[in-house]
Amino acid sequence: MVELQKGWNLVGVPMNASVPISEVAVRANHKRYTYPEAVKEGVVSAFLWTYRDGGWVHLEKNESMNPGEAYMVEAALKCRLEFG
């Protein structure tokens, strides 16, 4: 798990394996949400961002988060990202 504070957070994958976006969950308000559910509830912003080719781009639904790469995510409240 990776703790998120309210506002923008710089995060990475805390393991040595890629994680598909579809397997990223958010724990907030004593509940576990899929990432799309957390977006709908207003817990996190709609996109995870990464720096690629000289600029920030959002990850597509079919992409994965990779070890050793940095990602930005905006949270509306203190919560946690869960992988896998």
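Coordinate-derived values only; no laboratory data. Since the structure is predicted, the reported quantities are computational estimates derived from the model, not experimental observations. Please note: Cβ atoms are built from the backbone with ideal geometry, for glycine as well, and neighbour counts cover all protein chains shown.
Quick one: net charge around GLY12, please, counting Lys, Arg +1 and Asp, Glu -1 for every other residue with C-beta under 13 Å from its C-beta. Write out the running numbers ahead of the final one.
On the way: positive: none; negative: GLU3, GLU69.
Net of charged neighbours comes to -2.
Roughly speaking, what is the stretch gain from LYS78 to HIS30, that is 0.36 nm per residue apart minus the C-alpha to C-alpha distance, in nm to one decimal? Don't skip to the answer; put the middle values down first.
Values: separation 48, 0.36 × 48 = 17.28 nm, distance 1.15 nm.
Going from the current span to full extension adds 16.1 nm.
Mind checking the dipole of the chain: about its Cα centre, +1 per Lys or Arg Cβ, -1 per Asp or Glu Cβ, Debye to the nearest 20?
340 debye
Whole-Hz ³J(HN,Hα) for each residue in the stretch 7-15, computed from phi via Karplus 6.51 cos²θ - 1.76 cosθ + 1.60 with θ = phi - 60°, x for glycine and proline: what do you get?
Each residue of the stretch 7-15 in turn: x, 7, 10, 9, 10, x, 6, x, 8 Hz.
Pull out a ≥ b ≥ c, the square roots of the eigenvalues of the alpha-carbon gyration tensor of the stretch 2-83, then state rounded if a/c is under 1.5, prolate if not and a/b is larger than b/c, and oblate in the remaining case. Mind dumping the intermediate values first?
On the way: a/c = 1.61, a/b = 1.41, b/c = 1.14.
Cα axes put the stretch 2-83 in the prolate bin.
5 Å is the cut-off here: which amide hydrogens, built 1.01 Å from N in the peptide plane, fall below it relative to TYR33, excluding neighbours closer than 5 in sequence?
Placed amide hydrogens put VAL26, ARG27, ALA28 under 5 Å from TYR33.
Identify which of GLY12, GLY54, GLY68 has the largest mean-square fluctuation in a Gaussian network model of the chain, with springs joining Cα atoms closer than 10 Å.
Its mean-square fluctuation being the largest, the pick is GLY54.
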